[in-house]
1. Please list, in order, the residues from the stretch 175-197 whose amide nitrogen is less than 19 Å from a point placed 7 Å along the Cα→Cβ vector of VAL134.
2. Could you work out how far helix 110-129 tilts from the main Cα principal axis of the chain, as a 0 to 90 degree angle to the nearest 10?
3. How high is the relative contact order of the stretch 280-376, in percent, counting Cα pairs under 8 Å that sit 6 or more residues apart?
4. If each residue of separation counts as 0.36 nm, what is the full-extension length gain between PHE313 and LEU333 once their alpha-carbon separation is subtracted?
5. Sequence neighbours fewer than 8 away in the same chain don't count; with that in mind, list the lysines whose C-alpha is under 21 Å from LYS92.
6. With a cap of 14 neighbouring Cβ atoms within 10 Å, and only residues DSSP puts in a loop, list the trypsin sites (Lys or Arg not before Pro) found in the stretch 114-189.
7. Which value, in debye to the nearest 20, gives the size of the charge dipole of the chain about its Cα centre, when Lys and Arg are +1 and Asp and Glu are -1 at the Cβ?
8. Quote to one decimal, in nm, the extra length available between THR7 and ALA344 on full extension: 0.36 nm per residue of separation minus the C-alpha distance between them.
Amino acid sequence: MTSLQDTHRWFSRCASIGAFMVPGLALWLPSGYSYGAVLLLLATLASAPLWWRRPAPRAAWWLTAAFSCMAALWMLDVGATWGWGSMDRPVKYLLALPCIFFLMTFEPRAAWLWMGVAVGAVGSGLVALYQTFVMELPRANGFTNAIQYGNLSMLLAVMSGLLLVVQWKRWCLWQRLLLASAIGLGAAGSVLSQSRGGWLALVLLLPVCAWLLVRTTGQRRVYWGLCALALAAAALSQVPAVEQRVDEARQEVQVYKDHGDGRSSVGQRLAHWRLAWQMGWDRPFTGWGRAGYTDEKARRVAAGLAHPVVLEFGHAHNEILDLFAKRGLPGVLLLMAFYGIPLAMFWPTARRIRDGAGKMDKESLSLCLVGVMVRLSYIGFGLTQVFLAHNSGNMFYLFMCPLVLAALHERRTRMGCPRPL
(Lines give C-alpha, C1' and ligand atoms only; values in the text may rest on other atoms or scores of the structure.)
Protein backbone atom coordinates (compact mmCIF):
# COMPACT_ATOMS: atom_id res chain seq x y z
CA MET A 1 0.00 0.00 0.00
CA THR A 2 2.81 2.39 0.87
CA SER A 3 4.50 1.65 -2.46
CA LEU A 4 1.27 2.39 -4.33
CA GLN A 5 0.84 5.65 -2.44
CA ASP A 6 4.41 6.67 -3.25
CA THR A 7 3.83 5.88 -6.92
CA HIS A 8 0.63 7.92 -6.93
CA ARG A 9 2.41 10.78 -5.20
CA TRP A 10 5.26 10.66 -7.74
CA PHE A 11 2.92 10.85 -10.74
CA SER A 12 0.94 13.63 -9.08
CA ARG A 13 4.19 15.55 -8.74
CA CYS A 14 4.88 14.98 -12.45
CA ALA A 15 1.42 16.38 -13.23
CA SER A 16 2.13 19.47 -11.11
CA ILE A 17 5.53 20.02 -12.73
CA GLY A 18 3.87 19.71 -16.14
CA ALA A 19 1.29 22.28 -15.04
CA PHE A 20 4.16 24.67 -14.33
CA MET A 21 6.11 23.91 -17.50
CA VAL A 22 3.35 24.30 -20.11
CA PRO A 23 2.69 28.02 -19.46
CA GLY A 24 6.00 28.68 -17.68
CA LEU A 25 8.28 27.70 -20.58
CA ALA A 26 5.87 28.45 -23.43
CA LEU A 27 7.64 31.59 -24.67
CA TRP A 28 11.03 31.31 -22.96
CA LEU A 29 12.50 28.63 -25.22
CA PRO A 30 12.14 27.30 -28.77
CA SER A 31 8.98 25.16 -28.70
CA GLY A 32 8.84 25.91 -24.99
CA TYR A 33 5.19 24.83 -24.78
CA SER A 34 6.25 21.29 -25.80
CA TYR A 35 8.50 20.45 -22.83
CA GLY A 36 5.67 20.20 -20.35
CA ALA A 37 3.54 18.37 -22.91
CA VAL A 38 6.26 15.75 -23.46
CA LEU A 39 6.66 15.26 -19.70
CA LEU A 40 2.91 14.76 -19.32
CA LEU A 41 2.78 12.33 -22.23
CA LEU A 42 5.66 10.25 -20.86
CA ALA A 43 4.07 10.18 -17.40
CA THR A 44 0.75 9.23 -19.02
CA LEU A 45 2.29 6.24 -20.79
CA ALA A 46 4.26 5.13 -17.72
CA SER A 47 1.19 5.27 -15.47
CA ALA A 48 -1.30 3.76 -17.92
CA PRO A 49 -2.00 0.64 -15.75
CA LEU A 50 -3.07 2.96 -12.91
CA TRP A 51 -5.53 5.17 -14.81
CA TRP A 52 -6.62 2.98 -17.72
CA ARG A 53 -9.57 1.27 -15.99
CA ARG A 54 -10.30 4.00 -13.47
CA PRO A 55 -13.68 5.70 -14.00
CA ALA A 56 -13.26 9.24 -15.30
CA PRO A 57 -15.60 12.17 -14.61
CA ARG A 58 -17.98 13.31 -17.33
CA ALA A 59 -15.90 16.44 -17.89
CA ALA A 60 -13.00 14.30 -19.15
CA TRP A 61 -15.26 12.62 -21.68
CA TRP A 62 -16.70 15.93 -22.86
CA LEU A 63 -13.22 17.32 -23.37
CA THR A 64 -12.19 14.11 -25.13
CA ALA A 65 -15.18 14.46 -27.45
CA ALA A 66 -14.26 18.05 -28.32
CA PHE A 67 -10.61 17.16 -29.03
CA SER A 68 -11.55 14.01 -30.98
CA CYS A 69 -13.92 15.90 -33.26
CA MET A 70 -11.23 18.43 -34.12
CA ALA A 71 -8.69 15.63 -34.66
CA ALA A 72 -11.13 14.03 -37.12
CA LEU A 73 -11.53 17.38 -38.87
CA TRP A 74 -7.76 17.79 -39.22
CA MET A 75 -7.50 14.22 -40.49
CA LEU A 76 -9.36 15.36 -43.58
CA ASP A 77 -6.26 17.37 -44.49
CA VAL A 78 -4.05 14.28 -44.46
CA GLY A 79 -2.92 13.28 -47.93
CA ALA A 80 -0.02 12.64 -50.27
CA THR A 81 -0.17 16.25 -51.47
CA TRP A 82 1.07 17.55 -48.12
CA GLY A 83 3.33 14.63 -47.14
CA TRP A 84 3.90 13.40 -43.60
CA GLY A 85 3.62 16.97 -42.35
CA SER A 86 -0.14 16.75 -42.81
CA MET A 87 -0.23 14.24 -39.93
CA ASP A 88 1.39 16.66 -37.51
CA ARG A 89 -1.73 18.40 -36.24
CA PRO A 90 -4.12 15.41 -35.89
CA VAL A 91 -1.39 13.37 -34.17
CA LYS A 92 -0.94 16.09 -31.53
CA TYR A 93 -4.67 16.06 -30.81
CA LEU A 94 -4.76 12.28 -30.51
CA LEU A 95 -1.71 12.18 -28.22
CA ALA A 96 -3.33 14.77 -25.95
CA LEU A 97 -6.36 12.50 -25.35
CA PRO A 98 -4.75 9.99 -22.91
CA CYS A 99 -3.16 12.92 -21.05
CA ILE A 100 -6.67 14.08 -20.12
CA PHE A 101 -7.32 10.86 -18.20
CA PHE A 102 -3.86 10.86 -16.64
CA LEU A 103 -4.43 14.39 -15.33
CA MET A 104 -7.89 13.57 -14.01
CA THR A 105 -6.32 10.70 -12.03
CA PHE A 106 -3.13 12.42 -10.84
CA GLU A 107 -4.54 15.90 -10.46
CA PRO A 108 -2.02 18.78 -10.36
CA ARG A 109 -2.06 21.48 -7.70
CA ALA A 110 -3.25 24.89 -8.86
CA ALA A 111 -0.30 26.63 -7.17
CA TRP A 112 2.09 25.08 -9.72
CA LEU A 113 -0.10 26.30 -12.58
CA TRP A 114 -0.22 29.83 -11.14
CA MET A 115 3.55 29.96 -10.79
CA GLY A 116 3.91 28.77 -14.38
CA VAL A 117 1.58 31.51 -15.66
CA ALA A 118 3.53 34.23 -13.84
CA VAL A 119 6.96 32.93 -14.84
CA GLY A 120 5.78 32.50 -18.44
CA ALA A 121 4.58 36.11 -18.64
CA VAL A 122 7.81 37.43 -17.09
CA GLY A 123 9.87 35.35 -19.50
CA SER A 124 7.98 36.51 -22.56
CA GLY A 125 8.56 40.14 -21.64
CA LEU A 126 12.27 39.65 -20.95
CA VAL A 127 12.77 37.83 -24.25
CA ALA A 128 10.91 40.61 -26.07
CA LEU A 129 13.02 43.31 -24.43
CA TYR A 130 16.23 41.47 -25.32
CA GLN A 131 15.21 40.92 -28.94
CA THR A 132 14.07 44.52 -29.39
CA PHE A 133 16.75 46.49 -27.55
CA VAL A 134 19.79 44.19 -27.70
CA MET A 135 19.29 42.25 -30.94
CA GLU A 136 17.51 45.30 -32.44
CA LEU A 137 14.84 43.24 -34.18
CA PRO A 138 11.98 45.33 -35.61
CA ARG A 139 9.42 43.06 -33.90
CA ALA A 140 9.84 40.69 -30.98
CA ASN A 141 8.88 37.18 -32.01
CA GLY A 142 10.45 34.98 -29.34
CA PHE A 143 11.02 31.67 -31.09
CA THR A 144 7.79 31.59 -33.08
CA ASN A 145 5.60 33.81 -35.25
CA ALA A 146 5.42 37.39 -33.92
CA ILE A 147 1.61 37.31 -33.93
CA GLN A 148 1.43 34.04 -31.99
CA TYR A 149 4.10 35.27 -29.60
CA GLY A 150 2.45 38.61 -28.89
CA ASN A 151 -1.00 37.10 -28.42
CA LEU A 152 0.13 34.39 -26.00
CA SER A 153 2.20 36.94 -24.12
CA MET A 154 -0.88 39.12 -23.69
CA LEU A 155 -2.92 36.12 -22.56
CA LEU A 156 -0.36 35.23 -19.87
CA ALA A 157 -0.31 38.87 -18.72
CA VAL A 158 -4.10 39.00 -18.38
CA MET A 159 -4.13 35.68 -16.53
CA SER A 160 -1.58 37.09 -14.10
CA GLY A 161 -3.74 40.18 -13.59
CA LEU A 162 -6.76 38.02 -12.86
CA LEU A 163 -4.84 35.99 -10.28
CA LEU A 164 -3.55 39.14 -8.60
CA VAL A 165 -7.03 40.66 -8.34
CA VAL A 166 -9.04 37.59 -7.34
CA GLN A 167 -6.62 36.19 -4.76
CA TRP A 168 -4.98 39.41 -3.56
CA LYS A 169 -5.24 38.58 0.14
CA ARG A 170 -3.72 35.16 -0.34
CA TRP A 171 -0.46 36.35 -1.86
CA CYS A 172 2.51 37.49 0.18
CA LEU A 173 4.61 40.48 -0.93
CA TRP A 174 7.00 38.65 -3.25
CA GLN A 175 4.11 36.87 -4.97
CA ARG A 176 2.28 40.15 -5.53
CA LEU A 177 5.44 41.67 -6.96
CA LEU A 178 5.94 38.65 -9.24
CA LEU A 179 2.37 38.83 -10.55
CA ALA A 180 2.59 42.61 -11.02
CA SER A 181 5.84 42.13 -12.95
CA ALA A 182 4.14 39.40 -14.99
CA ILE A 183 1.37 41.81 -15.98
CA GLY A 184 3.80 44.52 -17.08
CA LEU A 185 6.30 42.25 -18.85
CA GLY A 186 3.63 40.12 -20.51
CA ALA A 187 1.98 43.24 -21.88
CA ALA A 188 5.41 44.51 -22.98
CA GLY A 189 5.93 41.28 -24.91
CA SER A 190 2.67 41.89 -26.75
CA VAL A 191 3.47 45.55 -27.47
CA LEU A 192 7.00 44.81 -28.70
CA SER A 193 5.70 42.06 -30.98
CA GLN A 194 3.44 44.72 -32.55
CA SER A 195 0.70 42.11 -32.83
CA ARG A 196 -2.68 43.82 -32.90
CA GLY A 197 -4.73 40.65 -32.44
CA GLY A 198 -4.03 40.48 -28.70
CA TRP A 199 -5.26 44.05 -28.23
CA LEU A 200 -8.45 43.23 -30.13
CA ALA A 201 -9.02 40.15 -27.98
CA LEU A 202 -8.88 42.34 -24.86
CA VAL A 203 -12.02 44.14 -26.05
CA LEU A 204 -13.84 40.81 -25.82
CA LEU A 205 -12.00 39.43 -22.82
CA LEU A 206 -11.91 42.16 -20.17
CA PRO A 207 -15.60 43.18 -20.07
CA VAL A 208 -16.73 39.54 -19.81
CA CYS A 209 -14.23 38.77 -17.04
CA ALA A 210 -15.17 41.94 -15.15
CA TRP A 211 -18.86 41.07 -15.43
CA LEU A 212 -18.23 37.52 -14.19
CA LEU A 213 -16.19 38.82 -11.25
CA VAL A 214 -18.96 41.20 -10.20
CA ARG A 215 -21.60 38.53 -10.74
CA THR A 216 -19.78 35.93 -8.65
CA THR A 217 -18.22 38.08 -5.93
CA GLY A 218 -20.66 40.99 -5.77
CA GLN A 219 -17.70 43.37 -5.57
CA ARG A 220 -18.56 46.28 -7.83
CA ARG A 221 -15.14 47.80 -7.34
CA VAL A 222 -14.07 45.42 -10.07
CA TYR A 223 -15.58 47.94 -12.48
CA TRP A 224 -13.18 50.53 -11.10
CA GLY A 225 -10.39 48.12 -11.90
CA LEU A 226 -11.72 47.78 -15.43
CA CYS A 227 -11.76 51.56 -15.75
CA ALA A 228 -8.14 51.62 -14.58
CA LEU A 229 -7.26 49.03 -17.22
CA ALA A 230 -9.06 51.09 -19.86
CA LEU A 231 -7.03 54.12 -18.85
CA ALA A 232 -3.85 52.03 -18.95
CA ALA A 233 -4.79 50.81 -22.42
CA ALA A 234 -5.40 54.40 -23.52
CA ALA A 235 -1.99 55.38 -22.19
CA LEU A 236 -0.48 52.35 -23.90
CA SER A 237 -1.97 53.46 -27.20
CA GLN A 238 0.23 56.56 -26.99
CA VAL A 239 3.40 54.47 -27.02
CA PRO A 240 5.00 55.32 -30.40
CA ALA A 241 5.14 51.72 -31.64
CA VAL A 242 1.49 51.09 -30.70
CA GLU A 243 0.26 54.41 -32.02
CA GLN A 244 2.05 53.80 -35.30
CA ARG A 245 0.49 50.34 -35.70
CA VAL A 246 -3.00 51.70 -34.98
CA ASP A 247 -2.53 54.52 -37.49
CA GLU A 248 -1.23 52.05 -40.06
CA ALA A 249 -4.28 49.84 -39.59
CA ARG A 250 -6.63 52.81 -40.05
CA GLN A 251 -4.83 53.93 -43.22
CA GLU A 252 -4.67 50.41 -44.66
CA VAL A 253 -8.43 49.93 -44.20
CA GLN A 254 -9.08 53.19 -46.02
CA VAL A 255 -6.71 52.33 -48.87
CA TYR A 256 -8.36 48.93 -49.34
CA LYS A 257 -11.80 50.50 -49.23
CA ASP A 258 -10.91 53.14 -51.81
CA HIS A 259 -8.60 51.22 -54.14
CA GLY A 260 -8.94 47.51 -53.30
CA ASP A 261 -5.22 47.38 -52.47
CA GLY A 262 -4.52 44.14 -50.63
CA ARG A 263 -0.76 44.50 -50.33
CA SER A 264 -0.83 45.90 -46.78
CA SER A 265 -1.20 43.87 -43.59
CA VAL A 266 -4.84 44.83 -43.08
CA GLY A 267 -5.59 44.94 -46.80
CA GLN A 268 -4.51 41.36 -47.37
CA ARG A 269 -6.66 40.23 -44.44
CA LEU A 270 -9.68 41.96 -45.92
CA ALA A 271 -8.93 40.37 -49.29
CA HIS A 272 -8.67 36.92 -47.66
CA TRP A 273 -11.89 37.39 -45.69
CA ARG A 274 -13.84 38.47 -48.75
CA LEU A 275 -12.61 35.52 -50.80
CA ALA A 276 -13.16 32.97 -48.00
CA TRP A 277 -16.70 34.26 -47.46
CA GLN A 278 -17.50 33.86 -51.16
CA MET A 279 -15.89 30.42 -51.39
CA GLY A 280 -17.69 29.23 -48.28
CA TRP A 281 -21.10 30.10 -49.67
CA ASP A 282 -20.23 28.43 -52.97
CA ARG A 283 -19.89 25.11 -51.10
CA PRO A 284 -21.55 25.69 -47.71
CA PHE A 285 -21.99 22.02 -46.74
CA THR A 286 -18.70 20.46 -47.85
CA GLY A 287 -16.21 23.29 -48.30
CA TRP A 288 -13.36 23.12 -50.79
CA GLY A 289 -10.92 21.11 -48.67
CA ARG A 290 -7.35 22.15 -48.04
CA ALA A 291 -6.05 21.30 -51.51
CA GLY A 292 -9.22 22.54 -53.20
CA TYR A 293 -8.98 25.84 -51.35
CA THR A 294 -5.47 26.42 -52.70
CA ASP A 295 -6.39 25.42 -56.26
CA GLU A 296 -9.57 27.50 -56.33
CA LYS A 297 -7.74 30.56 -55.02
CA ALA A 298 -5.23 30.27 -57.84
CA ARG A 299 -8.03 29.89 -60.40
CA ARG A 300 -9.89 32.96 -59.13
CA VAL A 301 -6.73 35.06 -59.04
CA ALA A 302 -5.92 34.03 -62.63
CA ALA A 303 -9.46 35.00 -63.64
CA GLY A 304 -9.11 38.39 -61.95
CA LEU A 305 -11.71 37.56 -59.29
CA ALA A 306 -9.36 37.85 -56.29
CA HIS A 307 -6.30 39.88 -55.35
CA PRO A 308 -2.99 38.05 -55.97
CA VAL A 309 -1.96 38.61 -52.32
CA VAL A 310 -4.23 35.73 -51.26
CA LEU A 311 -1.78 33.29 -52.86
CA GLU A 312 0.90 34.16 -50.31
CA PHE A 313 -0.85 32.41 -47.39
CA GLY A 314 -2.44 29.01 -46.94
CA HIS A 315 -5.20 30.28 -44.68
CA ALA A 316 -7.74 33.11 -44.57
CA HIS A 317 -6.40 34.97 -41.51
CA ASN A 318 -9.70 34.32 -39.71
CA GLU A 319 -10.37 31.05 -37.91
CA ILE A 320 -14.07 30.83 -38.72
CA LEU A 321 -13.85 32.00 -42.33
CA ASP A 322 -10.91 29.69 -42.98
CA LEU A 323 -12.88 26.64 -41.86
CA PHE A 324 -16.00 27.90 -43.64
CA ALA A 325 -14.11 27.99 -46.94
CA LYS A 326 -12.31 24.66 -46.41
CA ARG A 327 -14.91 22.58 -44.53
CA GLY A 328 -18.17 24.48 -44.87
CA LEU A 329 -20.72 24.94 -42.11
CA PRO A 330 -19.94 21.53 -40.49
CA GLY A 331 -16.35 22.71 -39.92
CA VAL A 332 -17.58 25.94 -38.34
CA LEU A 333 -19.90 24.00 -36.03
CA LEU A 334 -17.07 21.73 -34.93
CA LEU A 335 -14.91 24.76 -34.15
CA MET A 336 -17.77 26.23 -32.10
CA ALA A 337 -18.03 22.96 -30.16
CA PHE A 338 -14.24 22.89 -29.69
CA TYR A 339 -14.42 26.26 -27.97
CA GLY A 340 -17.96 26.04 -26.61
CA ILE A 341 -17.75 22.74 -24.70
CA PRO A 342 -14.78 23.80 -22.53
CA LEU A 343 -16.32 27.25 -22.13
CA ALA A 344 -19.46 25.65 -20.66
CA MET A 345 -17.33 23.36 -18.48
CA PHE A 346 -15.49 26.29 -16.88
CA TRP A 347 -18.35 28.76 -16.60
CA PRO A 348 -18.29 29.83 -12.93
CA THR A 349 -21.51 28.36 -11.56
CA ALA A 350 -22.20 28.11 -7.83
CA ARG A 351 -21.48 24.36 -7.91
CA ARG A 352 -18.00 25.04 -9.23
CA ILE A 353 -16.91 27.98 -7.09
CA ARG A 354 -18.62 27.57 -3.70
CA ASP A 355 -17.91 25.16 -0.88
CA GLY A 356 -20.42 22.99 0.95
CA ALA A 357 -21.41 25.91 3.18
CA GLY A 358 -22.07 28.17 0.20
CA LYS A 359 -18.94 30.26 0.76
CA MET A 360 -16.96 31.53 -2.21
CA ASP A 361 -13.69 29.69 -2.90
CA LYS A 362 -11.41 32.09 -4.74
CA GLU A 363 -9.06 29.35 -5.91
CA SER A 364 -11.94 27.60 -7.69
CA LEU A 365 -13.16 30.93 -9.06
CA SER A 366 -9.68 31.69 -10.43
CA LEU A 367 -9.50 28.32 -12.16
CA CYS A 368 -12.93 28.76 -13.74
CA LEU A 369 -12.11 32.28 -14.92
CA VAL A 370 -8.76 31.22 -16.39
CA GLY A 371 -10.58 28.42 -18.21
CA VAL A 372 -13.08 30.90 -19.61
CA MET A 373 -10.29 33.33 -20.45
CA VAL A 374 -8.38 30.85 -22.61
CA ARG A 375 -11.48 30.11 -24.70
CA LEU A 376 -12.48 33.75 -25.15
CA SER A 377 -8.96 34.86 -25.98
CA TYR A 378 -8.64 32.19 -28.67
CA ILE A 379 -11.92 33.35 -30.17
CA GLY A 380 -10.57 36.90 -30.16
CA PHE A 381 -7.21 35.90 -31.62
CA GLY A 382 -9.01 33.97 -34.34
CA LEU A 383 -10.67 37.11 -35.64
CA THR A 384 -7.46 38.24 -37.38
CA GLN A 385 -5.32 35.09 -37.35
CA VAL A 386 -5.85 31.36 -37.86
CA PHE A 387 -4.39 30.60 -34.45
CA LEU A 388 -4.84 26.84 -34.78
CA ALA A 389 -2.75 26.77 -37.95
CA HIS A 390 0.33 27.13 -35.73
CA ASN A 391 1.94 24.64 -33.38
CA SER A 392 2.04 27.10 -30.48
CA GLY A 393 -1.69 27.79 -30.70
CA ASN A 394 -2.61 24.11 -30.74
CA MET A 395 -0.22 22.92 -28.03
CA PHE A 396 -1.04 25.67 -25.56
CA TYR A 397 -4.79 25.06 -25.90
CA LEU A 398 -4.60 21.25 -25.91
CA PHE A 399 -2.71 21.10 -22.61
CA MET A 400 -3.97 24.16 -20.76
CA CYS A 401 -7.56 22.89 -21.03
CA PRO A 402 -7.04 19.56 -19.19
CA LEU A 403 -4.52 21.11 -16.78
CA VAL A 404 -6.98 23.76 -15.59
CA LEU A 405 -9.81 21.22 -15.47
CA ALA A 406 -7.77 18.73 -13.44
CA ALA A 407 -6.57 21.44 -11.05
CA LEU A 408 -10.19 22.51 -10.52
CA HIS A 409 -11.23 18.95 -9.72
CA GLU A 410 -8.27 18.56 -7.36
CA ARG A 411 -9.28 21.71 -5.53
CA ARG A 412 -12.91 20.64 -5.19
CA THR A 413 -11.89 17.16 -3.98
CA ARG A 414 -9.48 18.58 -1.39
CA MET A 415 -12.26 20.84 -0.07
CA GLY A 416 -14.60 17.86 0.23
CA CYS A 417 -17.00 19.34 -2.34
CA PRO A 418 -18.73 17.47 -5.16
CA ARG A 419 -16.80 17.54 -8.39
CA PRO A 420 -18.05 20.35 -10.65
CA LEU A 421 -19.14 18.08 -13.51
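The values are calculated or read from the model by the stated rules, or taken from the named source; none is laboratory data. For clarity, every value in this text was computed on a predicted model and none was experimentally measured. Glycine also receives a Cβ, built like all others from the backbone with ideal geometry; neighbour counts cover every protein chain displayed. Areas reflect the complete protein model, heavy atoms only, side chains present, ligands, DNA and RNA absent. Shrake-Rupley method; radii C 1.70, N 1.55, O 1.52, S 1.80 Å.
1. 182, 185-193
2. With both axes taken from Cα atoms, the answer is about 40 degrees.
3. Details: 94 pairs, mean separation 26.8, N = 97.
The value is 28 percent.
4. 4.8 nm
5. Counting by Cα, and skipping residues close in sequence, LYS92 has these lysines nearby: LYS326.
6. Hits after loop and neighbour filter: LYS169, ARG170.
7. Values: 39 positive and 21 negative charges, 296 e Å.
Its charge dipole is roughly 1420 debye.
8. Values: separation 337, 0.36 × 337 = 121.32 nm, distance 3.35 nm.
Contour length minus the Cα-Cα distance gives 118.0 nm.
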